[in-house]
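The structure appears below as structure tokens.
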Amino acid sequence: MSEATLSVEFAGQDAVIPFQVSPLDVRGRAVQLGPMLDSILERHAYPEPVSRLLAETVTLTVLLGTALKFEGKFILQTQTDGPVSMIVTDFATPDSVRAYARYDEAAIAELDELDSASLLGRGTLAMTIDQGAYTQRYQGIVQLDNTSLEEVARQYFRQSEQIPTEIRLAVGETLTRREGGSPAHSWTAGGVLVQFLPDTEERMRQRDLHGGDGDTGDSSFVEDEAWTETKFLMQTIDDVELTDILVEPEKLLYRLFHEHGVRVFEPTRVRDNCSCSREKVNDVLAGLTADERAESVEDGEITVKCEFCSAAYTFDPASFGPNG
């Protein structure tokens, strides 16, 4: 029987765990988020459906962003006609995560379904890799058409990277009681991403995308058995296995792949850490014209609030010079 290699100590929450299953030619990452996610969501007091959607998006972002092998940033952004019209999440190497969402609470209340597809509606999702000021950004765009985030991730890798990819995401909320009886809650979210990376590109071949009306597909297509098995195993994951703090990601990986042997690597810890600063905001304001700054003056001051972390920075317009 194959042996599985597991860490002696579990990584715990807020740590992305790379793994490899050599007999199936798959690699991936697994994560369970907790305190870091709570910090992001509680800062904005989002409605419960928005919190769930943003938590799912943060989970996807850290699974993808921690794959960066260089200093840079991975940015995921949606722009849609749905009740949640915009989401922006980004991961800055080596470990910083930030996120926010714009939404219409009245429109959310009118929905019959509160899943990610209904909340997002139709629009686009852009995934951007930014390596810094002196390099060109790489961006992949996927159309959103009442599509779940899981399916969007599959489409992105199929269209942009041509890498067979499977992903599972889930969000959970735990309700407790504080001293005195007042309600309290905490958020958890989990995800597993696997990619099929055999030695030959021919084994990576996937069925062609549906061509529209009248397209009956390629009946001769035969998917690689290793990838077929991997996808089947991923479909057995229950949401509770991704969100229950008693089911560490290492335990889930062992449950999925123990027959073949799963090797886990050093985890990447992630944290809620916004990159805004007074100096950066000052530089932005200094780059505006005097008239543009004047439009932002209220009660003799310019106040800029960061949409990510809610930090507020106040400036004296006169500090930008005699024409400020």
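The values are calculated or read from the model by the stated rules, or taken from the named source; none is laboratory data. Just so we're clear, the structure is a prediction, and the values are computed from it rather than from any experiment. Cβ placement follows ideal geometry from the backbone for every residue including glycine, while neighbour counts extend to all protein chains displayed.
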Among the residues of region 126-151, count how many are under 18 Å from the mean Cα position of the chain (by Cα), closer than 23 Å to Lys69 by Cα and of a type outside the set (Ser, Thr, Tyr). 7
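May I ask you to verify whether Leu114 is touching a strand residue (DSSP E or B) at 6+ places or on another chain (Cβ under 9 Å) and not β-branched (Val, Ile, Thr)?
Values: touching a strand residue (DSSP E or B) at 6+ places or on another chain (Cβ under 9 Å): no; not β-branched (Val, Ile, Thr): yes.
So Leu114 does not fit the description; no.
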Provide a single number: the residues in region 30-51 that are in contact with a Gly (Cβ under 9 Å, 6 or more places away or on another chain) and surrounded by fewer than 23 Cβ atoms within 10 Å (Cβ to Cβ). 1
Assess whether Phe196 counts as being modelled with pLDDT of 80 or more, touching a helix residue (DSSP H, G or I) at 6+ places or on another chain (Cβ under 6 Å) and among the aromatic types (Phe, Trp, Tyr). yes
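Return yes when Val16 is in contact with a helix residue (DSSP H, G or I) (Cβ under 9 Å, 6 or more places away or on another chain), within 22 Å of Val264 (Cα to Cα) and surrounded by 19 or more Cβ atoms within 10 Å (Cβ to Cβ) and no when it is not.
Working: in contact with a helix residue (DSSP H, G or I) (Cβ under 9 Å, 6 or more places away or on another chain): yes; within 22 Å of Val264 (Cα to Cα): yes; surrounded by 19 or more Cβ atoms within 10 Å (Cβ to Cβ): yes.
Here the answer is yes, as Val16 does meet what is asked.
Looking at region 1-23, can you tell me whether even one residue there is touching a residue at least 12 places away in the same chain (Cβ under 8 Å), in a helix (DSSP H, G or I) and not aromatic (Phe, Trp, Tyr)? Talk me through it step by step, then tell me what you get.
To start, the set of residues in region 1-23 that are touching a residue at least 12 places away in the same chain (Cβ under 8 Å) comprises 1-7, 10-23.
Right, trim to in a helix (DSSP H, G or I) and you get 22-23.
Narrowing the set further to residues that are not aromatic (Phe, Trp, Tyr) leaves 22-23.
Yes, region 1-23 contains at least one residue that is touching a residue at least 12 places away in the same chain (Cβ under 8 Å), in a helix (DSSP H, G or I) and not aromatic (Phe, Trp, Tyr).
Out of all the residues in region 24-40, which are part of a helix (DSSP H, G or I) and within 14 Å of the chain's Cα centre (by Cα)?
To start, the set of residues in region 24-40 that are part of a helix (DSSP H, G or I) comprises 24, 35-40.
Matches in region 24-40: Met36, Leu37, Ile40.
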Among Ser319, Ser277, which is the only one that is closer than 30 Å to Leu33 by Cβ and surrounded by fewer than 13 Cβ atoms within 10 Å (Cβ to Cβ)? Ser277
Kindly list, by first and then second residue, each pair from a residue in region 280-293 that is in a helix (DSSP H, G or I) to a residue that is loosely packed, with under 13 Cβ neighbours inside 10 Å, limited to pairs with Cβ atoms under 7 Å and residues at least 6 apart or on different chains. Ala290/Asn323
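Quickly run through region 157-173 and pick out the residues that are at negative phi and touching a helix residue (DSSP H, G or I) at 6+ places or on another chain (Cβ under 9 Å). Walk me through how you get there before you give the answer.
We begin by selecting, within region 157-173, every residue at negative phi; these are 157-161, 163-173.
Of everything in region 157-173, those that are at negative phi and touching a helix residue (DSSP H, G or I) at 6+ places or on another chain (Cβ under 9 Å) turn out to be Ile163, Pro164, Thr165, Glu166, Ile167, Arg168, Leu169, Ala170, Val171, Gly172, Glu173.
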Among the residues of region 153-185, what is the count of those that are within 19 Å of Arg203 (Cβ to Cβ) and either assigned to a strand (DSSP E or B) or at pLDDT below 80 (or both)? 3
For region 81-102 the number of residues that are among the β-branched types (Val, Ile, Thr) and farther than 17 Å from Glu307 by Cα is 1
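Please state which one of Glu71, Glu9 is surrounded by fewer than 16 Cβ atoms within 10 Å (Cβ to Cβ), of a type in the set (Asp, Glu) and under 30 Å from His260 (Cα atoms). Quick ask: steps written out before the conclusion?
On the way: Glu71 fails: under 30 Å from His260 (Cα atoms).
None of the others qualify; the one that does is Glu9.
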